[in-house]
Amino acid sequence: MATTILRWCCPGRRWVFAGIGGGSRHGRGVPTGSTSSGKRGQRSVAQQPLITAQKPRKGEREWAAVVGLEIHAQIASNSKLFSGSQVDFAAPPNSLVSFFDASLPGTLPVLNRRCVEAAVMAGLALDCHINRRSLFDRKHYFYADLPAGYQITQQRLPIAVNGSLAYSVCVGKRRSQMVTRTAGVKQIQLEQDSGKSLHDSLQSQTLIDLNRAGVGLLEVVLEPDMSCGEEAAAAVRELQLILQALGTSQANMAEGQLRVDANISVHNPGEPLGIRTEVKNLNSARFLAKAIDYEIQRQINELENGGKILNETRSFDYKLGCTVPMRDKEGKQDYRFMPEPNLPPLLLYDSESLPTGTDPQQVINIDRLREQLPELPRVTREKLVQQYGMLPEHSFALMNEVGLLEFFQNVIKETRAEPKKVTSWVLNTFLGFLKQENLAVSESPVTPSALAELLDLLDRKAISSSAAKQVFRELWRSKGKTPAQMVAEKKLELMQDTEALEQLCRSTLEAHPQVVTDVKKGNPRAINKLIGLVRRATLSRADPTVIKEVLERQLSS
Amino acid sequence: MLGRTLREVSAALKQGQVTPTELCQRCLSLIKKTKFLNAYITVSEEVALKQAEESEKRYKKGHSLGDLDGIPVAVKDNFSTAGIETTCASNMLKGYVPPYNATVVQKLLDQGALLMGKTNLDEFAMGSGSTDGIFGPVKNPWSYSKQYREKRKQKSHGENEDSNWLITGGSSGGSAAAVSAFTCFAALGSDTGGSTRNPAAHCGVVGLKPSYGLVSRHGLIPLVNSMDVPGILTRCVDDAAIVLGILAGHDPKDSTTIQDPVKPFTVPSLTDMSKLCIGIPKEYLTPELSSEVQSLWSKAANLFESEGAKVIEVSLPHTSYSIVCYHVLCTSEVASNMARFDGLEYGHRCDIDVSTEAMYAATRREGFNDVVRGRILSGNFFLLKENYENYFVKAQKVRRLIARDFVNVFNSGVDVLLTPTTLSEAVPHTEFIREDNRTRSAQDDLFTQAVNMAGLPAVSVPMALSSQGLPIGLQFIGRAFCDQQLLTVAKWFEKQVQFPVIQLQELMDDCSSVFENEKLASVFLK
């Protein structure tokens, strides 16, 4: 099925900054030039919804940005949305293509039950109204990796509507406060993915891989309730976590299982919304935020310089850090929507409306799916805060890395240490080590049991916290040893022999009469010097608080 | 033997009077003799002989697969056939060999039927004459019948007979001609606006359009998905019922087929006529209707009445909007369905390689004829955002009204509607092509199209020969999924009218067996 065709013009490559407004635009962030405006955009936009333009022309003008998102998530299912072809992202090109996927004439779509369930579950998780009857439509456009010349989607009556997505962003001067925001979910629709075009510019040809053609997608349309890149990224992140928790999508942006298009406009508060642009194919959370903030700032600059915003599609050039118009999306696209005549309306039931005597394999019961919904990330976080008294941002941090929460919970299970201590160790020390070496939680050389044991030693005051850090470093480096072994080997345990400590303290006092005099004169810092001296004498194996107690006792006697 | 009905020849096979291979060879030889009819695009001789061989083995072992085992059939060339070229009579699909069988084809093969070949049609089934395909027009076997020639001799003097051959109607003209010329015992057509019934009427055979959803469309290269139905062309109603019985039923590959299990189709003889109510839609009495068809229509109505049935005039008030409504819906779906023919995955691809868009454009220009391109153009116009509400949505609403007309009539107690199938008998090709495809389609689909809008079953049954010696068929329309009741009425009617067998002796004088049933000939309506 591999087919070689002519090269498509790479979107945005031969880009000309033409036709936008009039007047001069010197020094603007054109793609070939500096990325300074991109950076500026980021700074000024990211933190707050209202942006004060940096180069005001007619006095201080306030700008508000409006961001809506269309998110495509590939459904995790064994087979495609309308055909029996397997779904596997690592398969050789064109090895997973049914006759239907290749649009052979006479083939017909057959809806995959699993994909419908995934859409219903996503709808329920996002508090949507689930339409008991939804319809499929054809959306027409010619593209080499769209074999039928149309995509089957749900334009008129999607499977779920009117939901909401709560997400949190950091605010405040130190960005330490979490605030919950909500974006409306306009609709969730089922649709087909396209194939992939691989442009070989050297040989001036395009190679088509249809493995992805027809894979089920959930399109989640978020209302324009966001106002900056950070909010958009946070909303996408939350959706990602939800879909992963549901198991409806792996939602890995890097692998293209989650793709985001953003609709962006700016206006002066109190005035009607501005003309929007669409920034397409944002494939990482970082670029998503960056692209949106760049585009907001670009629009502001454009308007402040007396220019106009065109209703156009742009793509984000991550190398240049700016958005550029997509050449092949120029001109008016009319998708010529039409009902898909080969698929009858999709009917869903609840326990009440379920017709009697139906084969459960033939119908989908929404109530059944609702019962099976797993715990959603929001609830998990609330539980963490309640159960362990952790800060909300810590609950977010725990859920932000794949496997981190599970790691945390396993440590908690096995240790007597305080949850706060565990949280701190997992989020600071453990996560720090992972990040430094760019490892996933599953790749960690330190097991939850080892960390639990280490925290137990710390909790029993068998070792000092600085010794504990040292043990952790050792554990990270040399697999297979237990913390206790490590402590014994390196002689890191705290001095339990009070007689010996008394002796050391006494000799230290005797050796430093001047410091003792200082203490007695009332210099509050002098005692610390003595503590330090004793600690050094114990090779850091004594608890400073215990040393202080002993010293104070000896000094006052 | 070839002149027999499917049921008769099936019995002969079972009794060993003829072997599948003999039957197959006779049909193949007749196909060659009648090649000038242009009924077949592809003759699958090797495949058929192989199938016959296997069938023969089964018969020898006494393991026949059923009524269709060893029976030669033909399939319209818009049904996918694995390993056999499927062209839709279009440059676009010339040389295209599907890797799979349409469900209906597979069902025939599973029953042991012998596939003689793929029959001619209008390009992508767009037409009503079987004149607009790249392989040229299909000639109506009746052009060469004794019945027609004798009448012509009386009238015309010295005209070149061969240049006056008649069209078959369409778009399943190849299938109708194949059955009519005895080259097979049943053929598949497709019916979107009358494409099975129209050529059936012109060729003097039975043409059945089953209820939408009763027979799988999987593998049928679509014209209008929401109206297409595989059609059945046979020499008698019973044969159509046998084939329908095999084809009907849910297909997991076609989500629009009904889920309910389908009972086997047996067509009982109609005994109690008093319980039957026949509706005569008054809107079908149009000025364009030929007086001959009109008089046969009323004769038929009288026949029912005289035999005790209740015959009443009914109204289908939205009929007159059917043609224009169909035009919008059909072209819209055509525009969509044809989008896949871009030369990338299969089919024709032009040599132009300046850009992908240029390649698409040239491929499609070279691949499609004017009729197809014209429909794509109109369809895309109707689907434009600015036009969608005014055209497509309105047409859908009208379609619903048309369908409701039928529901109302059937709810009022009517069992079956009786109408003409065509305006007149088949016309000579020279006359037919005086009008363009669009005009012809609009005229010729007049009585048949509304049925597709409503998804109802309908059957054209040949009634009698016109004064010119050409067949005229009448149409029965039934309630949705009451195909059996429809066929019961059609069978009764068929028995009453005793339509004459085509006499093709000049055509194939060495095929004497064709005329075994000659005694049936010249039996006219009493």
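The values are calculated or read from the model by the stated rules, or taken from the named source; none is laboratory data. Nothing here was measured: the structure is a model prediction, and the numbers come from that model. Using ideal geometry, Cβ is built from the backbone for each residue, glycine included, and neighbour counts are taken over all protein chains shown. When the accessible area is computed, the model is the full protein with side chains, heavy atoms only, and any ligands, DNA or RNA have been set aside. Shrake-Rupley method; radii C 1.70, N 1.55, O 1.52, S 1.80 Å.
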Using a simple spin-label model with points 7 Å from Cα along the Cα→Cβ vector, what separation in nm is obtained for A:TYR349 and A:GLU489?
-> 6.4
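Counting pairs of alpha carbon atoms under 8 Å apart in space and at least six apart in sequence, what relative contact order in percent does the stretch A:498-556 give? Don't skip to the end; give the middle numbers.
Details: 36 pairs, mean separation 21.8, N = 59.
Once divided by the residue count of the stretch A:498-556, the mean separation gives 37 percent.
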If the cut-off is 19 Å between C-alpha atoms, which aspartates and glutamates fall inside it for B:LYS50, apart from same-chain ones fewer than 8 positions away?
-> B:GLU22, B:ASP67, B:ASP69, B:GLU85, B:ASP110
Using the Cα centre as the reference, give the magnitude of the dipole from point charges on the C-beta atoms of the stretch A:457-557 (Lys, Arg: +1; Asp, Glu: -1; all else neutral), rounded to the nearest 20 debye.
-> 480
Restricting things to alpha carbons, tell me how big the stretch A:377-490 is in terms of Rg and Dmax, in Å.
-> 13.7, 44
Going from the alpha-carbon gyration tensor of the stretch B:244-316, what semi-axes, largest first and in whole Å, does one get by taking the root of 5 times each eigenvalue?
-> 33, 19, 12
Hydrodynamic radius (Kirkwood) for the stretch A:152-238, which is based on Cα pairs only, to one decimal in Å | 15.8
Any idea what diffusion coefficient the stretch B:420-502 gets from Stokes-Einstein, in µm²/s, Kirkwood Rh on alpha carbon pairs, 10 °C, 1.306 mPa s?
-> 112
Enumerate the aspartates and glutamates that B:LYS394 could reach by cross-link, defined here as Cα to Cα under 18 Å, with residues fewer than 8 away along the same chain left out.
-> A:ASP137, A:GLU340, B:GLU333, B:GLU386, B:ASP405
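Expressed in nm², what is the orientationally averaged projection area of the convex hull enclosing the Cα positions of the protein assembly as shown? Each step should come with its number before you reach the end.
Details: hull surface 236.5 nm².
Here the figure is 59.1 nm², rounded to one decimal.
Please report, in whole Å³, the volume per residue of the convex hull around the C-alpha atoms of the stretch A:64-339. Please list the in-between numbers first.
Values: hull volume 43.4 nm³, N = 276.
Looking at the stretch A:64-339, the number lands at 157 Å³ per residue.
Could you give the size of the charge dipole of the stretch B:1-131 about its Cα centre, using +1 on the Cβ of each K and R and -1 on the Cβ of each D and E, expressed in debye and rounded to the nearest 20?
Values: 16 positive and 14 negative charges, 64 e Å.
In total the dipole reaches around 300 debye.
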Expressed as an acute angle from 0 to 90° and rounded to the nearest 10, what is the orientation of the C-alpha long axis of helix A:229-246 relative to the principal long axis of chain A?
-> 90
Can you give the charge dipole size of the stretch B:219-362 about its Cα centre, rounded to the nearest 20 debye, using +1 on the beta carbon of Lys and Arg and -1 on the beta carbon of Asp and Glu?
-> 440
Residue farthest toward the positive end of the dipole of the stretch A:313-405, with Cβ of Lys/Arg at +1 and Asp/Glu at -1: which of A:LEU369, A:LEU404, A:GLY357?
-> A:LEU404
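In nm, what is the difference between 0.36 nm times the number of residues separating A:LYS479 and A:ARG113 and their Cα-Cα distance? Kindly include the intermediate steps, with their values, before the conclusion.
Values: separation 366, 0.36 × 366 = 131.76 nm, distance 4.61 nm.
Extending this stretch completely gives an extra 127.1 nm.
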Pick out, from A:ILE547, A:PHE100, A:GLN387, the residue whose Cα sits farthest towards the positive end of the charge dipole of chain A, with +1 on the Cβ of Lys and Arg and -1 on the Cβ of Asp and Glu.
-> A:ILE547
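Sort B:HIS218, B:HIS63, A:HIS394 from largest to smallest accessible area, using a 1.4 Å probe on the heavy atoms of the protein chains. Walk me through the intermediate numbers first.
Values: B:HIS218 20, B:HIS63 115, A:HIS394 65 Å².
Largest to smallest exposure gives the sequence B:HIS63, A:HIS394, B:HIS218.
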Taking GluC sites (Glu not before Pro) as candidate sites, keep only those in a DSSP loop with at most 12 other Cβ atoms within 10 Å, then name the longest stretch of chain A containing none of them.
-> A:61-254
Of B:LYS107/B:LYS299; B:LYS35/B:LYS153; A:LYS420/A:LYS479; B:LYS60/B:LYS107; A:LYS139/A:LYS186; A:LYS413/A:LYS479, those spanning more than 31 Å from alpha-carbon to alpha-carbon = B:LYS107/B:LYS299
If you take the C-alpha gyration tensor of chain B, multiply each eigenvalue by 5 and take the square root, what semi-axes do you get, largest first, in whole Å?
-> 31, 29, 24
Quick calc, B:LYS394 & A:ASN281: beta-carbon distance into FRET formula, R0 51 Å, rounding 0.05, result 0.85
For the table A:LYS469/A:LYS491; A:LYS461/A:LYS548; A:LYS173/A:LYS469; B:LYS57/B:LYS263; B:LYS118/B:LYS139; A:LYS196/B:LYS385, the rows whose alpha-carbon distance is greater than 19 Å are A:LYS173/A:LYS469; B:LYS57/B:LYS263; A:LYS196/B:LYS385
Please state, as a whole number in µm²/s, the translational diffusion coefficient that the Stokes-Einstein equation yields for the stretch A:498-556 at 37 °C and 0.692 mPa s, with Rh defined as the Kirkwood radius across alpha carbon pairs.
-> 296
If you average 1/r over all unlike Cα pairs in the stretch B:267-378 and invert the result, what Kirkwood radius do you get in angstrom?
-> 18.7
Using just the helices of the protein assembly as shown, give the 222 nm mean residue ellipticity in deg cm²/dmol: DSSP H runs with n ≥ 4 each add -39,500 (n - 2.57), and the total is spread over all residues, rounded to 500.
-> -11000 deg cm²/dmol
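The stretch B:87-137: percent of C-alpha pairs farther apart than 13 Å? Write out the running numbers ahead of the final one.
On the way: 820 of 1275 pairs.
I get 64 percent for the Cα pairs in the stretch B:87-137 exceeding 13 Å.
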Residues of the stretch A:522-557 with backbone N under 12 Å of the label point set 7 Å from the Cα of A:ARG506 along Cα→Cβ are A:554
Contact order relative to length for chain B, counting C-alpha pairs under 8 Å separated by 6 or more residues, stands in percent at 18
Over all directions, average the projected area of the Cα convex hull of the stretch A:62-163 and note it in nm².
-> 9.5
Sticking to Cα atoms, compute the Rg of the stretch B:80-238 to one decimal and its Dmax as the biggest Cα-Cα distance, whole number, in Å.
-> 16.1, 52
Per residue of the stretch A:494-508, in order, report the coupling 6.51 cos²θ - 1.76 cosθ + 1.60 (Karplus, θ = phi - 60°) as ³J(HN,Hα) in whole Hz, putting x for Gly and Pro.
-> 5, 5, 9, 7, 5, 4, 4, 5, 4, 4, 4, 4, 4, 5, 5
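Please compute one quarter of the surface area of the Cα convex hull for chain A and express it in square nanometres. If you can, show how the numbers build up before the last one.
On the way: hull surface 145.6 nm².
Mean projected area for chain A: 36.4 nm², to one decimal.
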Considering only DSSP states other than H, G, I, E and B, which GluC sites (Glu not before Pro) in the stretch B:233-314 qualify as loop sites with at most 11 other Cβ atoms within 10 Å?
-> B:GLU288
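So, counting K/R as plus one and D/E as minus one, what does the shell of residues with Cβ under 10 Å around A:ALA235 add up to? It would help to have the intermediate numbers written out before the result.
Working: positive: A:ARG181, A:ARG237; negative: A:ASP225, A:GLU230, A:GLU231, A:GLU238.
Spelling it out: positives minus negatives among the neighbours equals -2.
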